[in-house]
Amino acid sequence: MTQISLPFERHGGSSENDFLVSDANRIAVAHLERWREWPLSISVLTGPSQSGRTILARHFAQMSGGEVIDDAQTRDDHFLFHAWNEAQTAHRPLLMIGDAPPSNWDVMLPDLRSRLVAAPHVAIEAPDELLARALICRAFDLAGASYAPDVPDWLLRRIERRYDAIAQVTGLLDRAALSSGRKISVAMAKEALQSAGFLPIVPSDPPPPQRE
């Protein structure tokens, strides 16, 4: 696990502008950092909600001086086509960000569709175990939440391994800790998640394996 320290003004915890790098996003990070080697001036970055794609795009813009179009799949065809041509003419990097690969975008202009499909495309994948655990710990640390050391691994076995699910669960537990004045323990987390209806939640932890 490594991280990129982004050179932006900080508005909260000491590491909220650090982009955590793992196998889930390493290829995307490397591609954006090698923007000078792109065969075209344009690339497409996709990833799930709250995967850090916008933060990574800001890092790209800071490095390259290029332009970023967020939620590109929702933009007007003519707007994207103009941006594409302008980037090529000016030799200025352009990064388009979307939820899904360009082949799945609702594009009506044939020339734009062919260009998008041919453009380099990198994706941020679902978080691997290492990244998911680091995201849980960082969310608690940024919130200033006190938590037992076994809580992150306990959560990993019980919540969906999605960026938005991790953010939702850690936010819920932080609020529960603040309202109750309790440290986030496994027992407290179990109680809070069961009350909120998160599944799967087992009624009790499985017993440790028996030693022969």
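What do you reckon, is Asp106 more than 13 Å from Thr46 (Cα to Cα), within 25 Å of the chain's Cα centre (by Cα), in contact (Cβ under 8 Å) with a residue 60 or more places away in the chain and surrounded by fewer than 18 Cβ atoms within 10 Å (Cβ to Cβ)? No; evaluated as a whole, the condition is false for this residue. For region 39-53, the candidate set comprises residues that are at pLDDT 90 or above and of a type in the set (S, T, N, Q); within that set, the residue that is surrounded by the most Cβ atoms within 10 Å (Cβ to Cβ) is Ser51. For Gln73, the test of being in contact with a Phe, Trp or Tyr (Cβ under 6 Å, 6 or more places away or on another chain) and outside the structural domain of Ala165 (by TED's automatic domain parsing) is passed.
In region 69-78 there is no residue matching the filter, namely being buried (at least 20 other Cβ atoms within 10 Å of the Cβ) and more than 19 Å from Asp106 (Cβ to Cβ).
Please work out if Thr89 is surrounded by fewer than 16 Cβ atoms within 10 Å (Cβ to Cβ) and either closer than 15 Å to Ala28 by Cα or over 16 Å from the mean Cα position of the chain (by Cα) (or both). Yes, satisfied. When the residues of region 152-171 are filtered to those that are touching a helix residue (DSSP H, G or I) at 6+ places or on another chain (Cβ under 6 Å) and farther than 19 Å from Pro48 by Cβ, the one that is surrounded by the most Cβ atoms within 10 Å (Cβ to Cβ) is Pro152.
For region 59-69, check the following and say yes or no: at least one residue is touching a Leu at 6+ places or on another chain (Cβ under 6 Å), aromatic (Phe, Trp, Tyr) and either at pLDDT below 95 or under 18 Å from Thr46 (Cα atoms) (or both). So far as region 59-69 goes, yes, one or more of its residues are touching a Leu at 6+ places or on another chain (Cβ under 6 Å), aromatic (Phe, Trp, Tyr) and either at pLDDT below 95 or under 18 Å from Thr46 (Cα atoms) (or both).
Yes/no per residue for (1) within 24 Å of Ser51 (Cβ to Cβ); (2) modelled with pLDDT under 85; (3) outside any loop (DSSP other than H, G, I, E, B):
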{"residue": "Ala176", "(1), (2), (3)": "no, no, yes"}
{"residue": "Ser179", "(1), (2), (3)": "no, no, yes"}
{"residue": "Arg182", "(1), (2), (3)": "no, no, no"}
{"residue": "Ala189", "(1), (2), (3)": "yes, no, yes"}
{"residue": "Gln194", "(1), (2), (3)": "no, no, yes"}
{"residue": "Pro200", "(1), (2), (3)": "yes, yes, no"}
{"residue": "Pro203", "(1), (2), (3)": "no, yes, no"}
{"residue": "Pro207", "(1), (2), (3)": "no, yes, no"}
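Among the criteria (1) polar (S, T, N, Q); (2) within 24 Å of Ala72 (Cα to Cα); (3) modelled with pLDDT of 95 or more, the one Ser103 does not fulfil is (3). For region 133-151: of the residues being of a type in the set (A, V, I, L, M) and in a loop (DSSP other than H, G, I, E, B), which is surrounded by the most Cβ atoms within 10 Å (Cβ to Cβ)? Among them, the one singled out is Ala145.
The values are calculated or read from the model by the stated rules, or taken from the named source; none is laboratory data. What you see is a predicted model, and the numbers here were worked out from it, not measured in a lab. For neighbour counting, all protein chains shown are included, and Cβ atoms are generated from backbone atoms with ideal geometry for every residue, glycine included.
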